[in-house]
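J.: Before I ask anything, here is the structure I am working with.
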Amino acid sequence: MKTLHLSLVALVAASGCGLAMAQKAGSFSASIGATQISLSVGSGSLSAPSLPGTKVDINSNSQLTGAVNYMVTDNIAVHVPIGFGFKHDINGAGAIAGVGKIADTKALPITVVGQYRFMDANAAFRPYIGAGASYVKFYSSNGTGLLTAITNPGGTGTGVSFQSKLAPTIQVGGIFNINPKWYVEAAYSKTFLSTRGSLSTGQTIDVKLDPNAYSFQIGYKF
């Protein structure tokens with residue numbers, strides 16, 4: 001009888017643990033970690049007057065990020081990343097390759113993704129796919145003295161700005177439950193983004209960015 005009682009206690013405890021781990025409809029979770037933005041740059045040429053084939057390349061950047069999630073159903077979630085923006089150095093390429101940094105800019109992606117999470121709500125590991133949209137706001141863009149030397153030698157400093165854009169985003173990732181409340185999450189997403197840079201000298205340059213985002217975060221279920 002004592003053995004039976006202990007077995008029932010163990011069964012109830014295991015069942016309770018499974019329910020606590022569940023990502024069920026109506027539940028929230030939040031996470032914090034790091035994200036790297038790596039750009040797949042395809043640069044057009046700076047418009048005239050400029051040296052033919054004047055292009056740009058843009059560096060990757062990593063920052064502390066977070067996310068909040070809401071389970072609409074046991075399998076469908078709304079995922080909203082949170083961050084303070086990414087700073088990217090812009091270097092000369094094409095006809096001016098090797099000259100170094102000519103500008104920098106900050107980009108804040110405001111993203112909402114709908115995820116489909118596979119497996120049962122109580123599963124320890126749940127892979128997912130997602131799709132949504134990102135509004136990428138560019139701000140605090142600055143040209144260097146080198147940009148001025150290239151585009152307006154001897155004149156006032158050349159200013160630069162980039163068009164903020166709305167673009168589609170796709171995502172793939174997975175969640176592994178450490179215990180009933182804590183989990184780790186790894187994800188990859190891609191946004192199909194192009195923008196136009198405008199100089200105070202009147203020249204423009206079109207750039208395909210198509211950023212790849214790699215994130216690893218630790219989360220908590222409420």
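J.: Kindly list, by first and then second residue, each pair from a residue in the range 59-72 that is closer than 13 Å to Ala213 by Cα to a residue that is assigned to a strand (DSSP E or B) and of a type in the set (Phe, Trp, Tyr), limited to pairs with Cβ atoms under 9 Å and residues at least 6 apart or on different chains.
T.: Qualifying pairs under 9 Å: Ser60/Phe86; Asn61/Phe86; Ser62/Phe86; Ser62/Tyr214; Gln63/Phe86.
J.: A further question on this structure: Does any residue of the range 139-154 turn out to be buried (at least 19 other Cβ atoms within 10 Å of the Cβ), closer than 30 Å to Ala25 by Cα and of a type in the set (A, V, I, L, M, F, W, C)?
T.: No, the range 139-154 has no match at all.
J.: Return the residues of the range 157-181 that are over 20 Å from the mean Cα position of the chain (by Cα), surrounded by 15 or more Cβ atoms within 10 Å (Cβ to Cβ) and either hydrophobic (A, V, I, L, M, F, W, C) or in a strand (DSSP E or B) (or both); say none if nothing qualifies.
T.: Scanning the range 157-181 gives Val160, Ser161, Asn177.
J.: Exactly one condition in (1) in contact (Cβ under 8 Å) with a residue 24 or more places away in the chain; (2) in contact with a Lys or Arg (Cβ under 6 Å, 6 or more places away or on another chain) is not met by Met119; state its number.
T.: (1)
J.: Which pairs do you get when a residue that is under 10 Å from Val113 (Cβ atoms) and touching a residue at least 60 places away in the same chain (Cβ under 8 Å), found in the range 126-143, comes within reach of a residue that is crowded, with 18+ Cβ neighbours inside 10 Å and aromatic (Phe, Trp, Tyr), reach meaning Cβ atoms under 9 angstrom, with the pair 6+ apart or on two chains?
T.: none
J.: Further question: Picking from Gly66, Gly92, which residue would you name as being assigned to a strand (DSSP E or B), modelled with pLDDT under 95, under 29 Å from the mean Cα position of the chain (by Cα) and not acidic (Asp, Glu)?
T.: Result: Gly92 is the single residue among Gly66, Gly92 that is assigned to a strand (DSSP E or B), modelled with pLDDT under 95, under 29 Å from the mean Cα position of the chain (by Cα) and not acidic (Asp, Glu).
The values are calculated or read from the model by the stated rules, or taken from the named source; none is laboratory data. Computed from a predicted structure; not experimentally measured. Neighbour counts are summed over all protein chains in view; Cβ atoms, including those assigned to glycine, are modelled from backbone coordinates with ideal geometry.
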